[in-house]
Amino acid sequence: MKKGFYILLVCFAIFQILASCKNDQSKDPVDYVNPNIGTIGHLLVATESMVQLPHGMVQTGQNPYPEISDRYLADKISSFSLRALPRYGTKTIPSWIMATTGKEVVKTAEIASTFDHDFEIVTPYFSSLILENYHISVGATVTEHASFYQFTFAKSTESHILLGFNSKVMIVGNNAVEAVENMLKGQKAYFYAEFSKPFSSTNTWKGITISSQPEQVGDSIGALISFPTTEGEKIEVKVGVSYIDIGQAKQNLKNEIPEWNFDQIKNRAKDIWNSSLGKIQIEGGTEAEHVKFYSALYRVMLGNQSVNLTEYGRYFSRFDSAVHSTDGHDFYRVASNWGSHHSLFPLFLLVEPDKQNDMLRSYVRMEEQGGWLSNSGGYRNMIGRHEVATITDAYLKGFRDFDVEKAYAGMKRNSMETTMLSRHLGSNNGLTELDKVYLEKGFFPAIPTGEKEWVPQVGFGRQAVAITLENCYDDWCVALMAKQLGKNDDYAYFMKRAHNYENVFDPITGFMRPKTADGKWIEPFDPIWSGGQGGRDYYTENNGWNYTWYVPHDVNGLVKLMGGRDRFVQKLNKLFTTTVPQYSKFKFLAQYPDMTGWIGMYSHGNEITWHIPYLYNYAGAPWMTQRRVRQIMDLWYGTGPLGMCGDEDYGEMSSWYVFSAMGFYTVSPGSLIYDIGSPLFNRSVIDIGDGKKFVVEAKNVSKQNKYIQSAELNSKSIDRPWFSHEELMQGGKLILNMGPLPNKAWGSSSEAAQPSMTRQKLK
């Protein structure tokens with residue numbers, strides 16, 4: 001047994017050496033992807049290393065033992081996922097597969113095996129590692145609705161493959177297992193597993209009790225399949241999944257993995273990833289920057305806005321809550337607008353336009369069957385109602401094959417008849433006395449930190465300033481839709497509400513501040529510390545220094561409030577240089593665990609800040625935007641397990657990097673404007689469909705040459721730090737001539753500033 005194991009290790013080492021010798025020029029986009037980036041969290045949630053097709057329904061990965069949030073730090077594996085990796089904090093693993101040898105055991109602690117990352121291969125389309133306790137090599141790949149496992153055993157008379165579930169399992173014939181998994185909200189997943197080798201013996205279990213009966217029902221159940229194996233023998237298991245029934249799971253498996261050809265399925269998955277990642281081609285830059293870029297694009301294309309249209313029956317949200325459908329789609333999953341509207345959905349719109357109308361129709365279906373326009377299964381999406389931003393941005397960019405009147409009705413009802421409180425659960429989403437203050441006075445009321453709350457619907461704190469600011473932006477989006485649909489009274493009403501940010505700006509302190517219902521500023525106030533745990537009394541997962549800038553739809557109006565462009569820039573500079581004393585860092589992070597990725601008081605670890613570095617563009621200092629975005633990309637994005645500075649949130653943080661590395665960003669989705677930063681690459685080419693491409697070419701770009709000296713758009717000189725969506729979609733080329741010192745004149749005039757809700761020129 002040991003001899004065979006050593007041979008396995010040597011073969012693995014040879015594979016790694018050959019892979020490392022591959023000429024960089026021959027690399028495909030997928031070859032740069034490292035799914036282990038961010039798998040150790042700086043403070044909160046780490047990423048997950050997943051094998052999954054772009055927007056696929058099935059993901060495979062490792063379930064660590066014992067449960068650990070930073071998956072990369074785990075040195076034991078208890079199993080591998082069959083449908084989706086469980087979120088950290090889940091008490092049970094809902095559906096899994098594992099291989100062992102020796103005594104028949106099913107207890108998690110007893111089947112777990114050590115492994116070593118140095119003998120691991122992980123890509124978007126294939127993973128492989130060695131279960132050291134059993135001398136078993138495990139390979140995994142996927143299709144849209146199925147997973148394919150390959151187990152290479154040592155010689156043993158007692159080799160086992162275990163499949164665990166939480167609802168029902170049944171052994172069928174001598175080479176198949178059927179099962180059901182209970183999910184959230186009463187939904188179910190169905191499985192059909194086939195084995196490449198007939199069973200020698202079979203058992204099932206419940207709890208830790210093993211039984212010879214072929215079927216089990218209940219929690220903590222599974223099938224235990226046993227075989228004798230020869231040295232190096234491969235036993236394969238392919239598993240179809242459906243959210244309809246077992247028959248559909250079996251059909252999915254038949255359609256997608258009809259034969260026992262593991263390499264064929266693996267190569268198909270690789271080709272799919274290359275096709276998807278290849279929608280953006282980059283040239284120049286360093287090896288590390290290529291790794292960061294394509295790894296970020298991989299995250300963007302995972303499951304956050306999953307689109308699978310080949311089955312029938314249901315729509316699912318990010319949290320596996322679902323509403324029934326009868327229109328011929330089995331699975332359509334839309335990301336929660338937890339912050340995805342900032343850059344994830346706008347990037348998704350550019351690289352996968354063919355899926356936009358399906359996504360918009362999904363929102364409408366949720367409105368029809370869920371009773372309100374939401375996609376988080378009864379939860380308001382953190383703060384605000386940012387599905388409004390996603391729908392508006394897509395509609396204004398030309399995606400209109402959905403029932404826009406029905407969508408607008410849901411947008412308006414949410415704005416007028418449902419509570420603005422964050423993450424309120426349940427069917428009672430009606431207005432509270434706090435919402436009525438917003439509707440009557442134009443701000444959401446706060447109470448001082450520590451004062452007893454009397455409104456029963458308040459959950460994580462009132463988050464009063466954040467709710468005011470984020471709903472202002474959403475109101476602006478509703479106004480844009482109203483104007484498009486000829487609803488002029490609605491347009492005027494919501495445009496007025498879009499100015500409500502002015503009601504929480506204190507010109508004396510220069511910050512967005514909380515007010516009581518009678519309009520008085522809450523005292524004492526400190527823009528660093530005020531707001532209690534997570535800042536949630538006044539803000540959300542962040543403090544006053546960062547939320548003060550959350551007026552993406554009216555940056556010009558914010559510049560005016562702050563006293564003009566010079567004072568605006570001075571305030572921005574102070575944001576990036578204000579710090580807490582060294583001895584207070586632990587105290588600060590205990591209060592604000594989401595505020596990682598510091599540069600001064602700026603926190604890149606939380607998505608509400610991501611537009612801030614681009615705000616210099618609006619105030620005559622685009623060279624400072626160029627400086628800051630380069631600094632952030634260099635400091636807070638890496639190529640290893642610590643490569644994400646905050647909660648990645650299923651592709652959101654990655655989408656900022658993809659945009660910024662190409663040289664532009666979306667400060668205000670709905671405005672149809674892209675804000676220019678400082679590209680990393682000599683050339684970035686986006687395939688925008690219909691045979692057209694948009695090219696960003698950065699001449700003389702380097703680590704030092706990060707400042708724009710001049711620019712051309714389609715052979716015409718431009719002196720503005722932005723371009724329009726219309727210009728992008730026409731195709732063509734943006735040329736940025738780069739240099740080592742800032743050209744403070746380029747793009748700095750008041751005429752060059754991006755348009756926003758307040759359109760007057762600002763000095």
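A few comments on the model shown:
- The simple Förster model, with R0 at 51 Å and r as the Cβ-Cβ distance, assigns GLU259 and GLU287 a FRET efficiency of 0.85.
- Neighbourhood net charge (9 Å Cβ-Cβ; Lys/Arg +1, Asp/Glu -1) for HIS342: -2
- Projected label distance in nm at THR209 and LYS587, using a 7 Å step from Cα toward the beta-carbon: 5.6 nm
- Förster radius 41 Å - calculated FRET efficiency between LYS185 and LYS452 (Cβ-Cβ, nearest 0.05): 0.80
- Rg to Rh quotient for segment 173-298, alpha carbon positions, Kirkwood Rh: 1.11
- Within a straight-line Cα-Cα reach of under 21 Å, LYS744 can be paired with the following lysines, leaving aside sequence neighbours fewer than 8 residues apart in one chain: LYS571, LYS574, LYS699, LYS703, LYS706, LYS716, LYS761, LYS763.
- Test item: Cα-centred dipole of the chain, Lys/Arg +1 and Asp/Glu -1 on Cβ, debye: 1400 debye
- Principal-axis analysis of the Cα atoms of the chain puts helix 652-662 at an angle of about 70° to the longest axis.
- Amide H contacts under 5 Å for VAL172: VAL177, GLU178, restricted to partners 5 or more places along the chain or on a different chain, H placed in the peptide plane at 1.01 Å from N.
- Separation between Cα centres of segment 29-68 and segment 455-506, rounded to whole Å: 36 Å
- Inter-centroid distance (Cα atoms) of segment 205-226 relative to segment 594-672, Å: 49 Å
- Scanning residues 5 or more positions from ARG683 or on other chains, those with amide H under 5 Å from its amide H are GLU283, ALA698, with H placed 1.01 Å from N in the peptide plane.
- Debye equation applied to the C-alpha atoms of segment 2-277, log10 I(q)/I(0) at 0.12 Å⁻¹: -0.71
- Estimated translational diffusion coefficient (Stokes-Einstein, Kirkwood radius over Cα pairs, 4 °C, 1.567 mPa s) of segment 471-626: 78 µm² per second.
- The modelled label-to-label distance between VAL105 and LYS436, using points 7 Å beyond Cα along the C-beta direction, is 6.3 nm.
- Set LYS197/LYS270; LYS197/LYS355; LYS188/LYS266 screened for pairs whose C-alpha atoms are more than 31 Å apart: LYS197/LYS355
- Segment 675-763 - Debye-derived log10 I(q)/I(0), Cα point model, q = 0.14, 0.15 Å⁻¹: -0.53, -0.60
- Likely footprinting exposure, LEU575, LEU297, fewest C-beta neighbours within 10 Å first: LEU575, LEU297
- The order of VAL696, VAL455, going from fewest to most other C-beta atoms within 10 Å of their C-beta, is VAL455, VAL696.
- Backbone geometry of segment 288-298 corresponds, through the Karplus equation with coefficients 6.51, -1.76 and 1.60 at θ = phi - 60°, to 3J(HN,Hα) couplings of 4, 5, 5, 4, 5, 5, 6, 5, 5, 5, 4 Hz, x marking Gly and Pro.
- Whole-Hz ³J(HN,Hα) from phi, Karplus 6.51 cos²θ - 1.76 cosθ + 1.60, for segment 95-110, glycine and proline x: 8, 7, 9, 8, 10, 9, 9, x, 4, 6, 9, 10, 5, 3, 5, 8
- Relative to one another, the C-alpha centroids of segment 116-185 and segment 687-705 are positioned 42 Å apart.
- Sum of -39500 (n - 2.57) over DSSP H runs of 4+, divided by residues of the chain (222 nm, nearest 500): -8500 deg cm²/dmol
- Phi-derived couplings, Karplus 6.51 cos²θ - 1.76 cosθ + 1.60 at θ = phi - 60°, listed residue by residue for segment 702-718: 7, 4, 7, 7, 10, 9, 6, 8, 6, 8, 9, 10, 6, 6, 10, 5, 10 Hz, with x used for Gly and Pro.
- Cα-only Debye scattering, segment 80-143: base-10 log of I(q)/I(0) at q = 0.20, 0.28, 0.29 Å⁻¹: -0.97, -1.34, -1.34
- Taking the three principal axes of the alpha carbon atoms in segment 401-460, the coordinate ranges are 49, 26, 15 Å, sorted in descending order.
- For the chain, the percent of C-alpha pairs falling in each 20 Å distance bin, counted from 0 to the bin holding the largest distance, reads 16, 48, 30, 6, 0.
- Nearest-ten-degree value, helix 488-497 long axis tilted from longest Cα axis of the chain: 90 degrees
- Counted charge near MET633, where neighbours are those whose Cβ lies closer than 12 Å (Asp, Glu -1; Lys, Arg +1): +4
- Degrees between helix 262-277 axis and first principal axis of the chain (Cα, 0 to 90, nearest 10): 10 degrees
- Charges were assigned to the Cβ only: +1 to each Lys and Arg, -1 to each Asp and Glu. The resulting dipole of segment 577-708 about its Cα centre is roughly 640 debye.
- Rounded to the nearest 20, the Cβ-based charge dipole of segment 2-277 about its Cα centre (Lys and Arg +1, Asp and Glu -1) stands at 320 debye.
- In segment 287-752, the DSSP beta bridges split such that about 80 percent are antiparallel, to the nearest 5.
Since every read-out is calculated from the coordinates, none of them should be taken as a lab result. Only a predicted model underlies this, so the values are computations on that prediction, with no experimental measurement involved. Because the Cβ atoms are built from the backbone with ideal geometry, glycine has one as well, and the counts that use them run over all protein chains shown.
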